[in-house]
1. Return the sequence-ordered ³J(HN,Hα) values of the stretch A:118-126 in whole Hz as given by the Karplus equation 6.51 cos²θ - 1.76 cosθ + 1.60 applied to θ = phi - 60°, using x for Gly and Pro.
2. Suppose every Lys and Arg Cβ carries +1 and every Asp and Glu Cβ carries -1, with no other charges. What dipole size does the stretch A:126-183 come out with about its Cα centre, to the nearest 20 debye?
3. For the protein assembly as shown, give the share of DSSP beta bridges that are antiparallel, in percent and rounded to the nearest 5; count only bridges with both residues there.
4. Antiparallel as a % of all DSSP beta bridges within the stretch A:29-131, to the nearest 5?
5. Along Cα→Cβ at 7 Å, what distances in nm separate the B:A16 label point from those on the other copies, shortest first?
6. At a Förster radius of 56 Å, what calculated FRET efficiency corresponds to the Cβ-Cβ distance of A:R125 and A:S67, to the nearest 0.05?
7. Over its Cα atoms, what ratio of radius of gyration to 2.2 N^0.38 Å does chain B give?
8. Between B:A173, B:A126, B:A158, where does the largest GNM mean-square fluctuation fall for chain B, given springs only between Cα atoms within less than 10 Å?
2 protein chains.
Amino acid sequence: MKQAANTAANSIPPAALGRLTRYLAHVQELMRQGAEWVSSATLARALGLTSSTVRQDLTHITFSGISKRGYRVKGLERALSEVLGADRSWEVVVVGAGNLGRALALHEDFTRRGIHICGIFDNDRAVVGQRVGGLTVGGMQTLRRTVRKHGAAMGIIAVPAAAAQEVADALVAAGVKGLLNLTLTHIATPPGVPVIDSRIAAGLQELSHAIRNA
Amino acid sequence: MKQAANTAANSIPPAALGRLTRYLAHVQELMRQGAEWVSSATLARALGLTSSTVRQDLTHITFSGISKRGYRVKGLERALSEVLGADRSWEVVVVGAGNLGRALALHEDFTRRGIHICGIFDNDRAVVGQRVGGLTVGGMQTLRRTVRKHGAAMGIIAVPAAAAQEVADALVAAGVKGLLNLTLTHIATPPGVPVIDSRIAAGLQELSHAIRNA
DNA sequence: TAGATTGTTAATCGATTAACAATC
DNA sequence: TAGATTGTTAATCGATTAACAATC
């Protein structure tokens, strides 16, 4: 009897998961171009990987290639979408209505990817009540209500670093299941609540190092 | 004779480099709080790591702790700043004057970290000429001139995915030495030009996966 | 001094790559 | 069929953790 692939028990290694998002983006582009098949070697070349890595990574999704042909683009796209939650839409709240928070609330790339921002919040009285696209900035005391009402699963932390942990706590208390952290601060959460760091500022620092030591 | 630490030849492993930015952020916070000393165990607890990892990572910078005391906060901050280029300022250009590009151009957290945005560019006629804080959005044909004039070392790609590679090529041609990519697209560059992906959209997809499989 | 904490070595663990039999 | 490409196994490489002697 074969083992069921990809259950909670045998989950995807972090390194592979990070690449699946890149495969999905590229395969969606291939689909727009009308490609029907793609090989591990072609994918690898396009993304700066080895074909071996690509094949290994794709063993973690419930989809198989075909010897001699490669992977059917449409099926691959569907399988990757499913595993990355891109096959449905997600309700997301943003905390922090500064430049970055407002930009994300308006980001069209999110809309296209099924990310629906259902609320934006700030603790600054001067900002609460302002319009951001179709939304009105709410006070922090209204966060929980919005999260419950829309079933928001994710929260984006777009506040100054000093307030980041406090906002994370409020988001978790309000009921979100995962956090995207835009600050440079480390965020602690209860077990089972994943945090992903966006690494914008950190990325520039890593670049500084790489450039200086080039 | 001891070997010189940390020359171009024995550069910092990527995994460690990624954590150095987190140490720096935390150590700067400790400095604001007036702490004089910090141990590997304390740092580890604050950042969700093991003390072993912290000590290993810190062997890559030219700074030593002291048995029984730990690391002097001030010296550690200085050493980390130096290796991450946070001890000087960097000129950076942004391409793409949409919501996200404008938000980054105005991002105060950058200013505080020595990131100076010296230009913002777009190929949309309707946007060129608009003011963004103290800057005016320039056309793409003016990119090279600005990069040269300010000695901009980094470029931020904040355009739609479809234009990302083209913009990357233009930035490299204009003379920047490293790129921060805000899109989900893989960016190819000539050898020696590092690219760092900010993974905002990718991060949300990884979260989707983690939440669904929780 | 005694005890705490570093720096370092060795062991473990995980990720990547190479190689190749299976196969369409 | 012959050839190309997958899926998988084994080998290599790198990252993390454990352990402990050195030391302030």
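The numbers here are math on the coordinates, done by the rules we state, and not lab data. These numbers come from a predicted model, not from an experiment. In this analysis, Cβ positions are derived from the backbone assuming ideal geometry, glycine residues included, and neighbour counts consider all displayed protein chains.
1. For the stretch A:118-126, the Karplus-derived couplings read 9, x, 9, 10, 7, 9, 8, 3, 5 Hz, x marking Gly and Pro.
2. Working: 6 positive and 2 negative charges, 63 e Å.
In debye, rounded to 20, the stretch A:126-183 gives about 300.
3. Numbers: 10 of 46 bridges.
The antiparallel fraction comes to roughly 20 percent.
4. On the way: 3 of 9 bridges.
Counting only bridges with both partners in the stretch A:29-131, antiparallel ones make up about 35 percent.
5. 2.9
6. Details: r = 64 Å, r/R0 = 1.15.
Efficiency computed from Cβ-Cβ geometry: 0.30.
7. Details: Rg = 19.8 Å, N = 214, 2.2 N^0.38 = 16.9 Å.
For chain B, the normalised Cα radius of gyration is 1.17.
8. Judging by the Gaussian network model, the answer is B:A126.
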